[in-house]
1. List, please: which pairs have Cβ atoms under 9 Å, are six or more places apart or on different chains, and start with a residue in segment 187-201 that is touching a residue at least 12 places away in the same chain (Cβ under 8 Å) and end with one that is in a helix (DSSP H, G or I) and among the aromatic types (F, W, Y)?
2. Residues being surrounded by 18 or more Cβ atoms within 10 Å (Cβ to Cβ) and closer than 21 Å to A228 by Cβ: count how many of those fall in segment 19-34.
3. Give the residues of segment 115-154 that are within 17 Å of Y11 (Cα to Cα), in contact with a helix residue (DSSP H, G or I) (Cβ under 6 Å, 6 or more places away or on another chain) and either in a loop (DSSP other than H, G, I, E, B) or charged (D, E, K, R) (or both), sorted by residue number.
4. Do any strands (runs of 3 or more DSSP E) lying entirely in segment 183-273 carry at least 3 residues that are open to solvent by less than 10 Å² (accessible area, probe 1.4 Å), and which ones are they?
5. Test of understanding: among V85, V137, V94, which residue is in contact with a Lys or Arg (Cβ under 9 Å, 6 or more places away or on another chain), open to solvent by less than 60 Å² (accessible area, probe 1.4 Å), of a type in the set (V, I, T) and touching a residue at least 60 places away in the same chain (Cβ under 8 Å)?
6. Here are the criteria: (1) out of contact with any Phe, Trp or Tyr (no Cβ under 9 Å at 6 or more places or on another chain); (2) under 22 Å from G29 (Cα atoms); (3) open to solvent by 60 Å² or more (accessible area, probe 1.4 Å); (4) charged (D, E, K, R). Tell me which single one D169 does not satisfy.
7. Which residue pairs have Cβ atoms under 9 Å apart, sit 6 or more places apart or on different chains, and have a first residue in segment 274-294 that is over 22 Å from T227 (Cα atoms) and open to solvent by 30 Å² or more (accessible area, probe 1.4 Å) and a second that is hydrophobic (A, V, I, L, M, F, W, C) and not in a strand (DSSP E or B)?
8. Just name the residue that is farthest from Q352 (Cα to Cα) out of those in segment 227-245 that are of a type outside the set (K, R) and in contact with a Leu (Cβ under 7 Å, 6 or more places away or on another chain).
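The values are calculated or read from the model by the stated rules, or taken from the named source; none is laboratory data. These numbers were taken from a predicted model, which means no experiment stands behind them. Quick reminder, even Gly has a Cβ in these numbers, built from the backbone with ideal geometry, and neighbours come from all protein chains shown. Just the protein is used for accessible areas: all its heavy atoms, side chains included, with ligands, DNA and RNA removed. Shrake-Rupley method; radii C 1.70, N 1.55, O 1.52, S 1.80 Å.
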Amino acid sequence: MKSNYKRLGDYIQPVDVRNVEDKRYDLLGVSVEKRFIPSIANTVGTDWHSYKIIKKGQFCYIPDTSRRGEKIGIALLTDKEIGLVSAVYTVFEVVSNQLIPEYLMLWFKRAEFDRYARYHSHGSVREIFDWEEMCNVELPVPSIEEQKAIVNAYETIERRIELKRKINDNLEAQLTVFYHQFFDKDKDNICTIGDFGEIVGGATPSTENPKYFCKQGISWLSPKDLTATGFKFIYKGETDITEEGYRSCSTKLLPIGSVLLTSRAPVGTVAIAMNELCTNQGFKSIIPRKEIGTEFVYYFLKENKQLLDNYSSGTTFMEISGNVLKNIPAFYPNEISASNFRNVCKKVFEEQILIEKELRELNAAKTILTTQLSRR
């Protein structure tokens, strides 16, 4: 243990309060994004007495780490006074006045903590990060004043992110309204999605050859690069591929302005390519015809996600093939309307690009802040 590190178990205790009075508080789940979400569990015929009560300022985590990738589901309840969680979840609270719960939550948000918890999980059928392992977590515990300063800095960034996202959402809502105003009258001009432009799939170089992958090379995307960020304008993914990797498989470079469409895991997430890039096999992207443009194709796909879902199929996961996508019924826009819509989008896109640039910088600042906790 580093000299300034403390054992977490000396600062926390488990809480196991059951809903014996059968109260119908909000039933909460815990996401890998480390926040509480409304539970999607089927509660028909459920015995509510067995659920655990969690109160504001308490933590909850999911000991089973085997089915959540590299992330650990853990969250601090801050936005409501009380709720219910599954009996298989672990609820705990800080019992020391030397540790602020919000500061501890920042420690849990670090990628290093996820890796630690996964490494220290054990079991044959299911891997469990049990209470004893949680207590053995070590972390720096600076003065309360320093903890408050760190938390305040983080929350300031979070508020800025929330503000920017709200502005961006409002701009997106405006463009959606314009899309319908310009094109709803064209819906009788029947065509298929294949008429919008060239549909291009992707591929993955062999993961057994490390020479195919790099940090700075040819931009290459997986669906996670879209779903993890929610950004509309995409420049690159988490991993690039080398020239050798590009030549080794059937992926294809897409030009700027291509509309990126995830075709599995999940189906229907869309984004716009901001530079030349390629994708893995989880995409069926569209290079739009010049006369209808990127803007129309992007909003058509975004506004018709349910249509895409209806044409998807699969056993392990839902997927839509290039041939099926090509033949999905659509409508062809009036070229004048498409041109006018493009002009409306131009200024708004410029503003959204700047907002997403700032959001990337703010998210990077959050990561730096939490990473630096271990250096204190």
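1. I193/F300; F196/F296; F196/F300
2. Total satisfying the criteria: 3.
3. If the condition is that a residue be within 17 Å of Y11 (Cα to Cα), in contact with a helix residue (DSSP H, G or I) (Cβ under 6 Å, 6 or more places away or on another chain) and either in a loop (DSSP other than H, G, I, E, B) or charged (D, E, K, R) (or both), then V137 is the only one that fits.
4. 259-263, 267-273
5. Details: V85 fails: touching a residue at least 60 places away in the same chain (Cβ under 8 Å); V94 fails: in contact with a Lys or Arg (Cβ under 9 Å, 6 or more places away or on another chain).
Checking each option against the conditions leaves just V137.
6. (2)
7. Here the result reads R289/F196; R289/V297; E291/A338, each pair linking segment 274-294 to a residue that is hydrophobic (A, V, I, L, M, F, W, C) and not in a strand (DSSP E or B).
8. Once the filter is applied, the top-ranked residue is G237.
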